Amino acid sequence: MANRTVSDAPMEALLAAELPEGDGWQYEPKWDGFRCIARRDGHTIKMISRSGRPLGRYFPEVLETLGKVRERHFSLDGELIIPLDDRLDFEALQMRLHPAQSRVLKLSMETPAQLMLFDVLRIGDKSLDGKPLSERRRALEKFYNSKAPGDLLLSPATTDRDLALGWLKRGGGALDGVVAKRLDQPYRFGERAMVKVKQLRTADCVVGGFRYAERKHEVGSLLLGLYDDDGKLHHVGFTSGIPARERPELTKTLEALIKPPGFTGNAPGGPSRWNTERTGQWEPLKPTLVVEVRYDQVTGRRFRHGTALLRWRPDKAPKQCTFEQLAPELKPSEIKELFAG
């Protein structure tokens, strides 16, 4: 969608350290899935990602669900999720982005996705994006209760900050945090007009390798590792927040420690459709350096996103950096608990 405009883009959130206080706020769980704008105009149904790419071919079962809605024209904002055993599986979502349609169809039956609704932009010939959130929420609830099939989900929402703080403490399984929105605010396309808060955690990791920065013979990122019960060091993510003034000296320190294999378990992958040949290259290190990093999510025993470098830990033995220190990826009955309040 090269000609996409700001008015097509969903409203985004700005990361904050704490949930806002005071009157006039609505709090919602931030679900761990793919953001999706679902539109229907008669027989035409589209599902659009945050970046403007079509998602329908990857989630045919959700397209079928949207076709059962008892309304011919609508525009809804929500999150694609795959619930498994009352938890959410982000890896299963990622597996859907596959070029083979036969593979997509097989997965759609084995691990069906659902759309979690949290906002509405249009119903019938009535545009709602210019209305305040309080009015949009009432319209969404009415739409959901009267016209939506059972496979669609409606995200909980509350004005009770204490309840929202309880949701935030559950972050890490079904949740990616909590979002706060102004009740008097219209839908602001393409703007960071919401507030999101994540439960951030820290971990001590071994520096098992590094990558050089682009166009400079200096360290660009550190490759992080954790030991399993068998004593194997597995690559779990990276951190790149290294102050520029520290990079020359750190590069010398790292180069003196270059020694294969670096990681004795899972190692950094090579080039893929997401990275280049250059980003697939890395230097293995003798496992002697330890850093403390801040992370938000863990998926498949890896940090979902890049981590923040907090400090070096010369007082920490590398063998102490194990998977045991990570918060559990999944929590039992989390979705049911959220919908129960």
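The values are calculated or read from the model by the stated rules, or taken from the named source; none is laboratory data. What you are looking at is a predicted structure, and each value in this text was computed from that prediction instead of being measured. Cβ placement follows ideal geometry from the backbone for every residue including glycine, while neighbour counts extend to all protein chains displayed. Side chains included, ligands, DNA and RNA excluded: accessible areas come from the protein's heavy atoms. Shrake-Rupley method; radii C 1.70, N 1.55, O 1.52, S 1.80 Å.
Some points to look at:
- Degrees between helix 101-110 axis and first principal axis of the chain (Cα, 0 to 90, nearest 10): 80 degrees
- Fully extended contour minus Cα-Cα distance, from residue 200 to residue 161, at 0.36 nm per residue: 12.2 nm
- Inter-label distance, residue 141 to residue 240: 4.4 nm, where each label sits 7 Å from its Cα along the C-beta direction.
- Burial order of peptide ranges 187-193, 101-107, 30-36 (average beta-carbon count within 10 Å, highest first): 30-36, 187-193, 101-107
- Based on the convex hull around the alpha carbon atoms, the chain presents an average projected area of 19.5 nm².
- Added length on full extension, which subtracts the Cα-Cα distance from 0.36 nm per residue, residue 18 to residue 281: 90.9 nm
- Take the Cα radius of gyration of the range 1-156 and divide it by 2.2 N^0.38 Å, N being the number of residues; the result is 1.05.
- Count Lys and Arg as plus one, Asp and Glu as minus one, and take only other residues whose Cβ is under 11 Å from that of residue 133; the net charge is then +2.
- Extension gain, residue 228 to residue 125, is 31.4 nm, computed as 0.36 nm per intervening residue step minus the present C-alpha separation.
- FRET E, pair residue 110, residue 191, Förster distance 45 Å, beta-carbon r, rounded to 0.05: 0.75
- For the chain, a crude dipole built from +1 on the beta carbon of Lys and Arg and -1 on the beta carbon of Asp and Glu, taken about the Cα centre, is about 840 debye to the nearest 20.
- In this structure, the pairs whose alpha-carbon distance is over 28 Å, taken from 252/316; 30/319; 106/198; 68/126, are 30/319; 106/198.
- Accessible surface of the chain, 1.4 Å probe, proportion on carbon and sulfur as whole %: 51 percent
- Cβ-Cβ distance of residue 324 and residue 95, R₀ of 41 Å, FRET efficiency by 1/(1 + (r/R0)^6): the value works out to about 0.90.
- Between helix 133-147 and the chain: long-axis angle, C-alpha atoms, 0 to 90°, nearest 10: 70 degrees
- The calculated 222 nm mean residue ellipticity attributable to helices in the chain amounts to -5000 deg cm²/dmol, summing -39500 (n - 2.57) over DSSP H runs of n ≥ 4 and dividing by all residues.
- Near residue 296, once Lys and Arg are set to +1 and Asp and Glu to -1 for all other residues with Cβ below 9 Å from its Cβ, the sum equals +3.
- Residues whose placed amide H lies under 5 Å from that of residue 177, excluding near-sequence neighbours: 30, 172
- Relative frequency of Cα-Cα separations exceeding 14 Å in the range 12-74, percent: 67 percent
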